[in-house]
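Here is the structure we will look at, set down as structure tokens.
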Amino acid sequence: MSNLDLSIKIGSLELSNPILLASGTVGYGNEISEFIDLNKVGGIITKSISLKPRKGNKPQRIFETPAGMLNAIGLANVGLEEFISQKIPFLEKFDVPIICNIAASTLEEYVECVRALENFEKIKAFEINVSCPNVKEGGLQFGNDIRMVAKITENVRLSTKKTLIIKLSPNVSNISDFAKVCKENGADAVSAINTLVGSAFDINSRKPKLSNVFGGLSGPAIKPIAIAKVFEIHRAVDIPIIGVGGIMNWQDVIEFIIAGASAVQIGTLNFIDPTASISILEGIKNYFVNKNLTSINQLKGSYILDNGN
């Protein structure tokens, strides 16, 4: 279909299609570029960047579950300086939007990282990971404190003109309340959802299978939860949603869009099949052609409920 247009615009961020590669699953693009043409995906979300390098948690940091995986990497990353000197030059080789995921332990660190990256043309947007330990508040998670999410959004918004995306935690009672404060404080979009808190124990040693005890659960096990959260946000708040969680095929992507997502992120699947994003994109195109659809907006939030609501 010659008039098929899968492009999306979120704030000033322009995507050629709705497929994004999720933070933490493709590093900084180097490795996965050996398997796929990065120019064909809608965008790349970098591994989380913090002000200083982070070694992360000690092993064991990953554990496979029956329908997904637990990870407790601990936001290990190269730090802002090496990201600027080594990673951005590599990413500049590709004609694909780069969304920089920012992780921090303090409000000030979020702001400092964003300001340091603001003038790099290659970076088109920031995804703010608000599920990090808040060391100033006794180890609470930012993502579970609606006042801190509002404050982070407000302060980062004042620090950048680029598209601002807040990655929301699913480990809250009403995720739509968090999406609402993100919109009220200047966010252009939200990513839903981050991983769920999980744990596992060895029945013989009785010790946790992750050195950190707790980890983030991802993979197909969390897709129904992610769909429900996207639907909840879409029904309550007029803000673009980037759906994340358990996507394994093109049908999953279509489901997220019907539930209200404007775009999606491919995450755990990248570990299983690093070429999957390209075949998923082809499946989406075929679906649109078969359904005589020409744009994402025709499908987004098109769910039909028995009660008519």
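Highest mean packing comes first when the peptides 147-155, 195-203 are listed by Cβ atoms within 10 Å, giving 147-155, 195-203. Taking the helices alone, the chain has a mean residue ellipticity at 222 nm of -7500 deg cm²/dmol, built from -39,500 (n - 2.57) per DSSP H run of at least 4 residues and averaged over all its residues.
Each residue of the range 160-166 is assigned a 3J(HN,Hα), and the resulting list reads 8, 9, 6, 4, 10, 10, 9 Hz, derived from the Karplus form 6.51 cos²θ - 1.76 cosθ + 1.60 (θ = phi - 60°), x at Gly and Pro. Placing +1 on each Lys and Arg Cβ and -1 on each Asp and Glu Cβ, with no other charges, gives the chain a dipole about its Cα centre of roughly 540 debye. Look at the Cα gyration tensor of the chain: its axes a ≥ b ≥ c give a/c under 1.5, and that counts as rounded.
Between the range 154-202 and the range 252-309, how many Å separate their Cα centres? The two parts, judged by their Cα centres, are 21 Å apart. Cα convex hull, the range 1-72: 165 Å³ per residue, rounded to a whole number.
Using θ = phi - 60° in the Karplus curve 6.51 cos²θ - 1.76 cosθ + 1.60, the 3J(HN,Hα) couplings for the range 90-106 round to 5, 5, 5, 6, 10, 8, 8, x, 10, 10, 8, 7, 10, 10, 7, 9, 9 Hz; x is entered for Gly and Pro.
By the rule of a C-alpha distance below 20 Å, with chain neighbours fewer than 8 residues away ignored, the aspartates and glutamates paired with K291 are D5, D252, E255, E282. With 20 Å as the limit on Cα-Cα distance, the pairs of K180/K223; K87/K183; K180/K229; K47/K167 that go past it are K180/K223; K87/K183.
The H on the amide N of I10, modeled in the peptide plane, is under 5 Å from the matching H of L15, each at least 5 residues off or on a different chain.
Using C-alpha pairs below 8 Å separated by at least 6 residues, the relative contact order for the chain is 19 percent.
Taking amide H as placed 1.01 Å from N in the peptide plane, the amide H of T65 sits under 5 Å from that of L70, each at least 5 places away or on another chain. For the range 86-132 and the range 3-76, write down the distance between their C-alpha centroids in whole Å. So the two Cα centres are separated by 13 Å. When both bridge partners sit in the chain, DSSP labels roughly 40% of those beta bridges antiparallel. Within the shell defined by Cβ-Cβ distances under 15 Å, the residues around A236 carry a net charge of 0, with Lys and Arg each +1 and Asp and Glu each -1.
Read-outs throughout are calculated quantities, based only on the coordinates presented, and are distinct from any laboratory measurement. Here the structure is a predicted model, which is why all the values come from computation and not from measurement. Heads up, the Cβs are rebuilt from the backbone with ideal geometry, glycines too, and the neighbour counts pull from every protein chain shown.
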